[in-house]
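Visitor: Got a structure for you, written out below as structure tokens; questions coming shortly.
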Amino acid sequence: MIRELERDDAPAVVRLELDLNPHQVLTERGLLHELEQPPLGERRRDWVAVEDGEVVGHCEAAFEWAVPTPGKGRVWLSVAEAHRRRGIGSSLFETAVDYLRSEGAWRVQSYVPGDPAGSRFLSSRGYGVTGRNRVSALDLRAAALPDVTTDGFRLVTLGETRDRADDLYAICVEGEIDMPSDEPETEMDFESWRRDEFEYPDVSDECSAVVLEGELPVSLAIVTADRERGVGYNSMTATRRSHRRRGLALLAKVAAARRAREIGLERLVTENDEDNAGMLAINDRLGYAPLYIEEYFTRELAQGEGPAGQRG
């Protein structure tokens, strides 16, 4: 049975997602925040596949909310390995794409975290690879983190700068716009950023590092953390354009890694576009080891298509 995701499904959905990809940070409170406090314009909907009372599949559909061109949808699909090749993934995926089409989507993008079966699933439906992220992990138990200092700047935690949200938002805006992508995210409004990043419940005020020049935040490294599992995720590293090429991103990332180790995390995971040479160089220097390649698959929806991508 395919139905809309309900609040009580959150624990089962989190278990499913972590069984399929244990490298991510996803908690029940994080998922509920995503569902109940989405960015403006995302128009997200989620469905689950249920068999004998068990959630065996999950699918998310939403719109790219920070780009200027409307109608760009995205789909994230997960099906338990024991329940694949039975049409569950197809039903979930078609439900999500039909919803996006009904809301005006002309393009749909989906993602595959190093899963050949997922790549075949999308390729067979006319989706082509349009981008790749390198997903890497830093073993904090063995990492030899370098000593980094930069004159004229000081480090504080995110928790110490919670009253400087406007300045932190300004850093993130410039960071998002300058990341490699098919279209810069120039429309990231403050309220959506607040929901998506600043008030995300798994963001660690202790691990996340902010670099100050005087009292002005100029660089940051935001980390989400699952202490129970010992995993952290580098959700954003960015520096004001006016302060780049001074080693501030490295300074922030090293500080975040040290604090993550101090609170008991065992590894940090990050993902970067393969064209993001600067950040990949920083990660290589810190000792991040590649885990897998996440592929982006994209397809434009032909005018007049019916359900499941078939022309009517």
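The values are calculated or read from the model by the stated rules, or taken from the named source; none is laboratory data. Note that this is a predicted model, so its numbers are computed, not measured. Note: ideal-geometry Cβ built from the backbone for every residue, glycine included; neighbour counts use all protein chains shown. Only protein heavy atoms, including side chains, enter the accessible area calculation; ligands, DNA and RNA are left aside. Shrake-Rupley method; radii C 1.70, N 1.55, O 1.52, S 1.80 Å.
Visitor: Across region 26-56, what is the number of residues that are open to solvent by less than 20 Å² (accessible area, probe 1.4 Å) and in contact with a Phe, Trp or Tyr (Cβ under 8 Å, 6 or more places away or on another chain)?
Guide: 3
Visitor: Say whether the condition of being open to solvent by less than 50 Å² (accessible area, probe 1.4 Å), touching a Ser or Thr at 6+ places or on another chain (Cβ under 8 Å) and modelled with pLDDT of 95 or more is met by at least one residue in region 296-305.
Guide: Looking for residues that are open to solvent by less than 50 Å² (accessible area, probe 1.4 Å), touching a Ser or Thr at 6+ places or on another chain (Cβ under 8 Å) and modelled with pLDDT of 95 or more, one finds at least one in region 296-305, hence yes.
Visitor: Could you grab me the full set of residues in region 230-250 that are open to solvent by 10 Å² or more (accessible area, probe 1.4 Å), outside any strand (DSSP E or B) and under 30 Å from Asn21 (Cβ atoms)?
Guide: Listed by number, the residues that qualify are Ala249, Leu250.
Visitor: Of everything in region 213-229 that's open to solvent by 50 Å² or more (accessible area, probe 1.4 Å) and under 22 Å from Pro22 (Cα atoms), which residue is farthest from the chain's Cα centre (by Cα)?
Guide: Only one residue fits best here, namely Glu228.
Visitor: Could I ask something else about it? Which count do you get for residues in region 19-33 that are in contact (Cβ under 8 Å) with a residue 40 or more places away in the chain and part of a helix (DSSP H, G or I)?
Guide: Of the residues in that region, 5 qualify.
Visitor: What pairs come out if I take residues in region 178-195 that are touching a residue at least 24 places away in the same chain (Cβ under 8 Å) and among the acidic types (Asp, Glu) and pair them with residues that are open to solvent by less than 60 Å² (accessible area, probe 1.4 Å) and assigned to a helix (DSSP H, G or I) whose C-beta lies under 9 Å away, six or more apart or interchain?
Guide: Every condition considered, the pairs that remain are Glu185/Val173; Glu185/Glu176; Glu185/Ile177.
Visitor: Here is a follow-up. Taking into account only those residues within region 157-189 that are surrounded by fewer than 16 Cβ atoms within 10 Å (Cβ to Cβ) and over 18 Å from the mean Cα position of the chain (by Cα), which is farthest from Arg258 (Cα to Cα)?
Guide: Here the answer is Asp166.
Visitor: Another one. Please find, among Gly73, Gly87, the residue that is open to solvent by less than 50 Å² (accessible area, probe 1.4 Å) and either in contact with a strand residue (DSSP E or B) (Cβ under 8 Å, 6 or more places away or on another chain) or farther than 23 Å from Phe121 by Cβ (or both).
Guide: Gly73
Visitor: Test Val210 against the stated conditions and say whether it is touching a strand residue (DSSP E or B) at 6+ places or on another chain (Cβ under 9 Å), surrounded by 22 or more Cβ atoms within 10 Å (Cβ to Cβ), of a type in the set (Val, Ile, Thr) and part of a helix (DSSP H, G or I).
Guide: no
Visitor: Here are some residues: Val112, Val97, Val108. Which one is farther than 29 Å from Val269 by Cα and open to solvent by less than 50 Å² (accessible area, probe 1.4 Å)?
Guide: After applying the criteria, what remains is Val97.
Visitor: Sticking with this structure for a sec: Of the conditions (1) touching a Cys at 6+ places or on another chain (Cβ under 6 Å); (2) without any contact (Cβ under 8 Å) to a residue 24 or more places away in the chain, Val173 fails just one. Which one is it?
Guide: (1)
Visitor: Within region 251-270, which residues are β-branched (Val, Ile, Thr), open to solvent by 20 Å² or more (accessible area, probe 1.4 Å) and part of a strand (DSSP E or B)?
Guide: Of region 251-270, the ones β-branched (Val, Ile, Thr) are 254, 263, 269-270.
With the extra rule that they be open to solvent by 20 Å² or more (accessible area, probe 1.4 Å), the set shrinks to 263.
Result: no residue meets the conditions.
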